[in-house]
Amino acid sequence: MTHKRRLAKALTPRLRDLTRVTLARDDTPTEIAKRYPRAGPLLGARWNEDLIADCWLDLLRIAGSLKYGQATASLIVGKWSAASRQNTLAAALKEWGMLRRTVHLAKYLSDPAFRRKISRQLNKRESLHALRRDLHCAQQGTITRPYPEQQTEQAWCLTLLTNSVVAWTAEYYSRAVLELRSQGREVSDEILSHISPGHSDNINFFGVINVDVEAAPAKLDTSGWRPLRPVQLRQPGLTP
């Protein structure tokens, strides 16, 4: 019976210290060195295909539990990391991880566009982390509540605030792009793929912000949005 259903999940990390990473090979070291003279030294372990085939149904059950929220990755990693080396499923998980790491690294080293995509994802993630730190700057990014339930509330408040800022920025980004395109300006989707709403340049974190609840609604347009600022073109050599 062949299982062709995919879980639509992909982990694309940026690996470091490649000489210390164990990668899989499907043949003897001599044959691999002939086929891949440069990559051969990295392929240090012969992968056990039979072990993965024997445990394939159990591996699919684990993947399904992760996808549908019946178990967390930390729980599964903790359970199988503590398992005995003689545990067949734990060994199959390790074997499958080594195989996927090898496939990912082969694509990472051979595809410059793939490397740029991963770097772009990491930059967006780092910008989101920076936004969280900026929003939490009054406590230096620390959890100050003494009890677990209070710590959970504090963490959820930070998550809610971060998501609100990201949603606000993303909405106005969208409106700005539509406005520019309506004026005949070219804004390509390729450029937009490099933009992340997870930044804090438009947020004032300090001082007191006074809002006139009577006058503020009058500044909104008919759809209830604040008007966009005029476009300021920056020319090389000039200060905006």
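The values are calculated or read from the model by the stated rules, or taken from the named source; none is laboratory data. The shown structure was predicted, so the numbers you read here are calculated from the model rather than taken from an experiment. Please note: Cβ atoms are built from the backbone with ideal geometry, for glycine as well, and neighbour counts cover all protein chains shown. Only protein heavy atoms, including side chains, enter the accessible area calculation; ligands, DNA and RNA are left aside. Shrake-Rupley method; radii C 1.70, N 1.55, O 1.52, S 1.80 Å.
Table for the structure above
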read-out	value
Selection count where residues are open to solvent by 80 Å² or more (accessible area, probe 1.4 Å), charged (D, E, K, R) and outside any helix (DSSP H, G or I), scope the range 169-221	5
Residue match in the range 90-106 (condition: at pLDDT below 80 and surrounded by 12 or more Cβ atoms within 10 Å (Cβ to Cβ))	no
Contacts under 7 angstrom Cβ, first residue in the range 86-115 being closer than 18 Å to R38 by Cα, partner open to solvent by 60 Å² or more (accessible area, probe 1.4 Å) and not polar (S, T, N, Q), 6 or more apart	Y108/R115
Qualifying residue in the range 32-53 (condition: more than 16 Å from T102 (Cβ to Cβ), in contact with a helix residue (DSSP H, G or I) (Cβ under 6 Å, 6 or more places away or on another chain), in a helix (DSSP H, G or I) and open to solvent by 60 Å² or more (accessible area, probe 1.4 Å))	no
